[in-house]
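First comes the structure, then the notes that go with it.
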């Protein structure tokens, strides 16, 4: 079987983020905000697949952020969500997002190997070491006090998964966190699954460059990002590895710049769910290091519009230029979010993708690939 398409050189990767969650990435009260039903996800997944979009990435959540909308209170579980989407698509990759503290590695290794067969090798794994204390409490778990402890556990967890995917005979495992007897991974994945990890702390980034194929990080200031991406790639090279750096973006694409900016202000300011935004920011800054703390005011506004994602706002030409600027900063790809993914993506597909293809960072979808 050929290599997973996420590893193909020469294309700036595009995906979607958080379509399994109520509200998607926009913490807004507008009535047209994303409804994360299975029907909507399946409709969108088929559109993305036909358009040649590379992947879909979910967020794993167990409790919401409160406010008027209880943002991310309604969430489709990511392993079953990914399995369903992969069974109904042909080419797109779909990730399962797994919190290591809440999911046993032997179970996850088996789930992933099973989905590999269903999808013919299009499943990816997004590893979350953990940060959201109220979710730990909801699950009866204790959040380790330091990043070092969280990532130490995550490393052992992923070491077990890798062993189950590669060893062909039963084995025992004796480490600080896992005591396994006579365990075997059978079946095993047919080809290498793309591994993704979002990391902001020093410990997190050390884990990502050692284990992940793609490191996920925000693009708040592109001048800062250029240095950051270069440093991350060098850190991976020092480990003898190649790691792609991805970011996430929020799209408001309209025929005129004024229409786009007016709508951004409408849903992301006037009708933002500010209570949920503040709960989200407070938890991120208390327990995670995903965002630079010196840019809090800017991040708060961006949290309302697109969960802190890079803004791609304006005409198709302006949105395309924004994506090109991410490419120029060294990113290997970005996720896309919309207030209503299924209603807004077709305009992006028809008017932005052709510009990216003409500028050489995306390949046009062939008739053969679309029908594969």
>> Quick test of your reading of the structure: residue 151 fulfils all but one of (1) touching a helix residue (DSSP H, G or I) at 6+ places or on another chain (Cβ under 7 Å); (2) touching a residue at least 60 places away in the same chain (Cβ under 8 Å); (3) not in a loop (DSSP other than H, G, I, E, B). Name the failing condition by number.
In response: (2)
>> Please verify whether residue 130 is more than 30 Å from residue 31 (Cβ to Cβ), at pLDDT below 95 and touching a strand residue (DSSP E or B) at 6+ places or on another chain (Cβ under 7 Å), treating the condition exactly as stated.
In response: yes
> If you scan segment 76-98, which residues turn out to be buried (at least 19 other Cβ atoms within 10 Å of the Cβ) and out of contact with any helix residue (DSSP H, G or I) (no Cβ under 8 Å at 6 or more places or on another chain)?
Replying inline: 78
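Return the only residue of 156, 142 being part of a loop (DSSP other than H, G, I, E, B), surrounded by fewer than 19 Cβ atoms within 10 Å (Cβ to Cβ) and without any contact (Cβ under 8 Å) to a residue 60 or more places away in the chain.
On the way: 156 fails: part of a loop (DSSP other than H, G, I, E, B).
The unique qualifying residue is 142.
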> So, in segment 176-201, of the ones that are at pLDDT below 95 and more than 20 Å from the chain's Cα centre (by Cα), which residue ends up farthest from residue 116 (Cα to Cα)?
Replying inline: 176
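Residues that are at pLDDT below 95 and touching a strand residue (DSSP E or B) at 6+ places or on another chain (Cβ under 8 Å): does segment 281-294 have at least one? Please lay out each step first, then the result.
In the first step, residues of segment 281-294 are kept if they are at pLDDT below 95; the result is 281-294.
Add one more test, that the residue is touching a strand residue (DSSP E or B) at 6+ places or on another chain (Cβ under 8 Å), and what stays is 290.
There is at least one residue in segment 281-294 that is at pLDDT below 95 and touching a strand residue (DSSP E or B) at 6+ places or on another chain (Cβ under 8 Å).
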> Among the residues of segment 46-68, is any assigned to a strand (DSSP E or B) and more than 14 Å from residue 94 (Cβ to Cβ)?
Replying inline: no
>> I'd like the full set of residues that are farther than 20 Å from residue 9 by Cα and in contact (Cβ under 8 Å) with a residue 60 or more places away in the chain, limited to segment 227-243.
In response: none
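The values are calculated or read from the model by the stated rules, or taken from the named source; none is laboratory data. No experiment lies behind these values; they were computed from the predicted model shown. Because the Cβ atoms are built from the backbone with ideal geometry, glycine has one as well, and the counts that use them run over all protein chains shown.
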